[in-house]
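The structure appears below as structure tokens.
The values are calculated or read from the model by the stated rules, or taken from the named source; none is laboratory data. Values in this document were obtained by computation on a predicted structure and should not be read as measured data. Here Cβ is always computed from backbone atoms with ideal geometry, including for glycine, and neighbour counts include all displayed protein chains. Just so you know, the surface numbers come from the protein's heavy atoms only, side chains and all, with ligands and any DNA or RNA stripped out. Shrake-Rupley method; radii C 1.70, N 1.55, O 1.52, S 1.80 Å.
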Amino acid sequence: MGELQQRIGITPLQSESVTQILRDDTDCLTDSFYPGLRQRAWAEIDQVALHHNLRQIQQLWRHPTQLMAVVKADAYGHGALTVARTAIEAGAGGLCVATVSEGIQLRQGGIKATILLLGATNTPEQVKAIAHWQLEPTLCNPQQALVFSETLSGLNQSLPVHLKLDTGMSRLGMPWQDAIEFVRLVQQLPNLEIASVYSHLATADSPDPTVMRQQHQRFKNAIAQLQAGGITPPRLHLANSAATLTDSALHYDWVRVGLAVYGLYPAEHLQKVIHLKPVMQVKARITQIKTIPPGTGISYGHQFISNRQMRLAVVGIGYADGVPRNLSNRINVIIRGQQVPQIGAITMDQLMLDVSDIPNIQVGEIVTLIGQDGEEQISADDWAMALGTISWEIICGFKHRLPRVVVG
């Protein structure tokens, strides 16, 4: 090796034993069919952790309750088909999505379980797609119910529907005070079969339960009105992840659990209820290493200027992969079990690190952006706290060009 090669440290990419991917037909790619997935940046989806979380959640039931795994937004960025299959195998009673296209994706992937469509749908074209793919829609108002009934009559087809009550979220749903009139209307319309009545909690993740209890009482009042009118809905459901972890009285027939399935807690005060394991780790490789002198500006805008001679590592991941640019100069990553700072503006495809304290650093070494390496751990919550947002936004923000690789 020549003097220049020795000085700049040219070495072959380090080899890595690749975990066998469990399925080749999922939305999580495989190294065997797509060689080189881990040569730049990727997200690892740990099926062992996913199974663990599902078991932990299901141990919370004190009466017959079924888990509805929320897999909208590509399973919060984890890969909808992979998570859906694992959840059904682990005993989930069904799945929740937000859009018709998300439901179709699951059906095309071979999912036969109940798929509850949480978002509002209003056009005959949407109704026809829902009926064709045997999805189960949410109805929020009489006008919507009429469109469904009329369109299904033309198809000579019936459909299970779920009626949503607004108990204080002020989003989708019929006002809870009008529950009995709404349910009676839907009962009278042809081709509609009421499968459940439900609502959604706005503040279940708050340590102060006041609003949640108020919403719960409104839900109970609405159900009592229905029962007094001789109406008994087949199923009731109210709880999201936070409510599921908070109070078994909120569980009813189904619980709709999203964030907790993926190993994250909706709030800090719920962390001791059950033991969850993060399912996603985000990793990338070092693509170049260089030594820079004091006073050198780094990346766009020179937001960081070196105050000493530094070893700088360039990493092949950026905001086009889902690393928020506003995290520039505000996060650490992990290399060889040691945290090092990110420096300079995060760019579309790359970011820079100060690796001066890592001896003999090499091109090709793995950087853990979210996840655990040795004793060190960085979570989606850490990024969310730095940005003043929530972990939901972080994990949903990783783009599709970042391959999801199933491990475990």
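From the alpha carbon centroid of the range 337-378 to that of the range 303-318 is 10 Å. Ranked by solvent-accessible area (1.4 Å probe, protein heavy atoms only, all chains present), the residues 400, 162, 216 order from largest to smallest as 400, 216, 162.
Fraction of C-alpha pairs exceeding 32 angstrom in the range 46-268: 16 percent, rounded to a whole number. In a reduced charge model with +1 at each Lys and Arg Cβ and -1 at each Asp and Glu Cβ, the range 278-377 shows a dipole moment near 240 debye about its Cα centre. The range 108-144 and the range 70-91 have Cα centres separated by 18 Å. Expressed per residue, the C-alpha convex hull volume of the range 277-333 stands at 110 Å³.
Residues 208, 253, sorted by accessible area with the largest first, give 208, 253 [1.4 Å probe; ligands and nucleic acids excluded].
With loop membership from DSSP and a limit of 13 other Cβ atoms within 10 Å, the longest segment of the chain without GluC sites (Glu not before Pro) is 17-374. When nucleic acids and ligands are ignored and a 1.4 Å probe is applied, residue 330 ends up with an accessible area of around 130 Å². Note on the range 199-325: semi-axes of the ellipsoid equivalent to its C-alpha gyration tensor, largest first and rounded to whole Å, are 51, 15, 13. For the range 278-377, the solvent-accessible area of protein heavy atoms averages 42 Å² per residue (probe radius 1.4 Å; ligands and nucleic acids excluded). Rounded to the nearest 20, the size of the Cβ-charge dipole of the chain about its Cα centre is 40 debye, with Lys and Arg at +1 and Asp and Glu at -1. For the range 278-377, the residue among 315, 374, 305 whose Cα projects farthest onto the positive side of the dipole built from Cβ charges is 305.
Near residue 220, which lysines are there with a Cα under 26 Å away, not counting those fewer than 8 places off in the same chain? Reachable lysines: 164.
Legend: P(r) of the range 156-206 from all alpha carbon pair distances, 10 Å bins from 0, whole percents, reading 25, 46, 23, 6, 1. Running Debye on the chain with equal point scatterers at the Cα sites and no solvent, what base-10 log of I(q)/I(0) appears at q = 0.08, 0.11, 0.12, 0.13 Å⁻¹? The Cα Debye sum returns log10 ratios of -0.51, -0.86, -0.97, -1.08. As I understand it, the value is the acute angle between the Cα axis of helix 80-89 and the longest principal axis of the Cα atoms of the chain; what does it come to in degrees, rounded to 10? Around 60 degrees separate the two axes. Does anyone have the angle between helix 179-188 and the longest principal axis of the chain? Alpha-carbon axes, 0 to 90°, nearest 10? Long axis of 179-188 versus the principal axis of the chain: about 70 degrees.
In the context of the full protein assembly, residue 300 retains an accessible surface of approximately 150 Å², using a probe radius of 1.4 Å and ignoring ligands and nucleic acids. Taking a Cβ cut-off of under 15 Å around residue 332, the surrounding Lys, Arg, Asp and Glu residues balance to a net charge of -4, with basic ones at +1 and acidic ones at -1. The GNM of the chain, with springs linking C-alpha atoms under 10 angstrom apart, assigns the highest mean-square fluctuation among 67, 189, 259 to 189.
For residue 174, nonlocal amide neighbours, meaning residues 5 or more places apart or on other chains whose placed amide H falls under 5 Å from its own, are 164, 165, 166. Based on C-alpha pairs under 8 angstrom that are at least 6 apart in sequence, the chain has a relative contact order of 19 percent.
Leaving ligands, DNA and RNA out of it, report the carbon-plus-sulfur percent of the accessible area of the chain at a 1.4 Å probe. So the carbon and sulfur contribution to the accessible surface is 49 percent. Rg and Dmax over the alpha-carbon atoms of the range 316-408 stand at 13.0, 37 Å. Full extension of the chain between residue 235 and residue 407 gives 58.3 nm of extra length, using 0.36 nm per residue less the Cα-Cα distance. Solvent exposure of residue 72, expressed as accessible area, is near 70 Å², computed with a probe of 1.4 Å over the protein chains only.
Quick check: the angle from helix 47-58's long axis to the longest principal axis of the chain, C-alpha only, nearest 10 degrees? Between helix and principal axis, roughly 40 degrees.
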